[in-house]
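Every read-out reported here was derived from the displayed coordinates using simple, explicitly stated rules and does not represent laboratory data. Every value quoted in this text rests on a predicted model; they were computed, and no experiment measured them. Here the Cβ positions follow ideal geometry from the backbone for every residue, glycine too, while neighbour counts run over all protein chains shown.
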Amino acid sequence: MNDIVDFGLDDLSPVDDDSEEAMEALWTGDLTVLSQHHTTPNGSHSFVLAHDRSVTWGIPGEPQLVAIAVARDLRQSTFTFETSHHATASFAQNWLAERGCPLDRIALHGGDYIKPADDLTLQVEQQIQKSGTRYEVLDTYTSDDNPSETWTLVNDSQATQAPVRLFYEEWNHGAGTYTMREGAFPDVGVAQTWLDERSEPLPEPPEYSDHNGAVVRARIARIALSRSAGTSPTPQTGLDAPRASAAVPVQRAVQGRLL
């Protein structure tokens, strides 16, 4: 991780008002870069995943991770600038992948990053990263106190049963690990009741227990095999991938998922 963010835009102009406003709203001095990728030739695109420390001064529960996508037109001396805040890295990575960033180039590796506790966590994260526009985010929450957790509530456009999904992430700072789980609910009200009461285990998606459960278990097994072999199960996507042929504000102590 580092705190250096230089988008190299000194000689360029924003292509529209949205880009100018997005750039001005972002205080780069408040960012801790977690991962970044710059494309060639000539650095035409930049993708950054960062922790926004300024959020810890704001409304409790606000998402603390920011994804940034910059596209430069060097011939026109212009740029576009987009940002999006997320509760978890996997949703931020999905947003960046949708804008052309290869997932393997924006992965979080080594350093001070807290580690996934198990292979199911990796399976759920990869599902989110590769989901495209499948999930409509309805709400998020980040707690860096006790308990240390985040959740993202979504509507799953591919779910035939229990379409409201809750992606729940819990951190164990003593062990330096975290878990990510997916819960399934018939509607937002039932999901909110679970979040308020926590009186029973997170209900698993129906596909975990039907014939698709074998698919889930097979994916987890492949992840475990890839980890033991020291390879990454995440394929390249985006600009660098080979093209397939047609066929009251208070500052809170930041423990944080990644810090």
**Message:** Taking just the alpha carbons, could you work out the radius of gyration and Dmax for segment 110-168, both in angstroms?
**Reply:** 13.2, 40
**Cα-based equivalent ellipsoid of segment 1-138: semi-axis lengths in Å, sorted from largest, via gyration tensor** = 25, 17, 15
**Asked** Taking segment 1-80 on its own, what percent of its Cα-Cα pair distances exceed 21 Å?
**Response** 31
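If you filter segment 1-110 for chymotrypsin sites (Phe, Trp or Tyr not before Pro), then keep DSSP loop positions with at most 15 other Cβ within 10 Å, what is left? Intermediate results must be reported in sequence, preceding the final value.
Numbers: sites: PHE7, TRP27, PHE47, TRP57, PHE79, PHE81, PHE91, TRP95; in loops: PHE7, TRP27.
When the chymotrypsin sites (Phe, Trp or Tyr not before Pro) of segment 1-110 are filtered for loop state and at most 15 Cβ neighbours within 10 Å, TRP27 remain.
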**Item:** 9 Å beta-carbon shell around PHE79, net charge (K/R +1, D/E -1)
**Value:** 0
**Prompt:** By the scheme Lys and Arg +1, Asp and Glu -1, what is the net charge of all other residues having a beta-carbon under 15 Å from that of GLN192?
**Reply:** -3
